[in-house]
Every structure is written in C-alpha cells, then in structure tokens.
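A.B. asks: Structure provided below as structure tokens; questions to follow.
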Amino acid sequence: MLDLYNNKYDRQTLKDYIYAVSLIEILKTQTIDVTFAVRYILNKNYQINDCDQNITINDVLKYQPHIKYDNLQKALHDYNSDDDSIDDFETVSNRK
C-alpha cells in the first residue's frame with residue numbers, strides 16, 4: 001500500500017494504485033499535473049469512494065496551486081476519454 005503522507009510517488013505508481021487509494025488523498029498529498037487531474041481525479045470512472053465523488057475543480061486548484069484555472073479548463077475541454085485505455089477495476093486490482 002502507498003504511504004501518501006510520507007512519500008511522493010510518480011505518475012505511473014499513482015496510476016497503478018489508483019483504485020487502492022483515495023483520490024482526495026492523492027490530491028492533498030501528491031504533486032500532480034493537469035492531465036492527471038483531468039484523467040483520474042476528476043474522472044467519474046475512478047471516483048469509487050463517496051468522498052472522491054465530491055471532488056470539484058476548486059478542490060484541484062486549492063490542493064494543487066501550481067495548476068492554473070485556465071489550463072485546467074482547457075484540459076477538461078480537450079479531454080477525450082477515447083484517448084485513454086481506461087482499465088476496469090478488476091483488471092487493475094488483480095495486478096498487485
């Protein structure tokens with residue numbers, strides 16, 4: 001299991017464990033980029049916990065101050081889920 005409060009993890013590690021940790025905890029403890037915020041943190045496909053389903057754009061901006069509003073809006077507008085190979089929960093959970 002990842003120790004989000006005491007370690008920083010790279011994008012791939014966070015992606016690999018996306019279903020094993022809370023998205024809000026990733027948002028609060030890790031440094032992520034705008035693409036990760038759009039593809040995972042704000043993506044309903046990954047929001048399996050009740051607290052994660054309430055994450056807003058404002059939360060992303062609050063906990064990731066290096067992400068600018070305009071960049072986040074553009075990334076949300078340009079995002080196409082068909083560009084991703086979104087793994088289902090069972091596939092990801094069976095990896096570890």
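A.B. asks: Evaluate the distance, in nm, between pseudo-label points positioned 7 Å from the Cα of Gln12 and of Asn71 along their respective Cα→Cβ axes.
C.D. replies: 2.3
A.B. asks: Between Ala20 and Ser81, what is 0.36 nm times their sequence separation minus the Cα-Cα distance? Round to one decimal in nm.
C.D. replies: Taking Ala20 through Ser81 to full extension adds about 19.8 nm, to one decimal.
A.B. asks: So if I average 1/r over every pair of distinct C-alpha atoms in the range 11-93 and take the inverse, what Kirkwood radius in Å does that give?
C.D. replies: One over the average 1/r among Cα pairs gives 13.0 Å for the range 11-93.
A.B. asks: To two decimal places, what compactness ratio does the range 1-57 give when its Cα radius of gyration is scaled by 2.2 N^0.38 Å?
C.D. replies: Scaled against compact globular proteins, the figure is 1.00.
A.B. asks: How far apart, in nm, are the 7 Å Cα→Cβ label points at Asn49 and Asp3?
C.D. replies: 1.8
Values in this text are rule-based calculations from the coordinates and carry no lab data. None of the values given here were measured: they were computed from a predicted structure. Ideal geometry is used to build each Cβ from the backbone, glycine not excepted, and the neighbour counts take in all protein chains shown.
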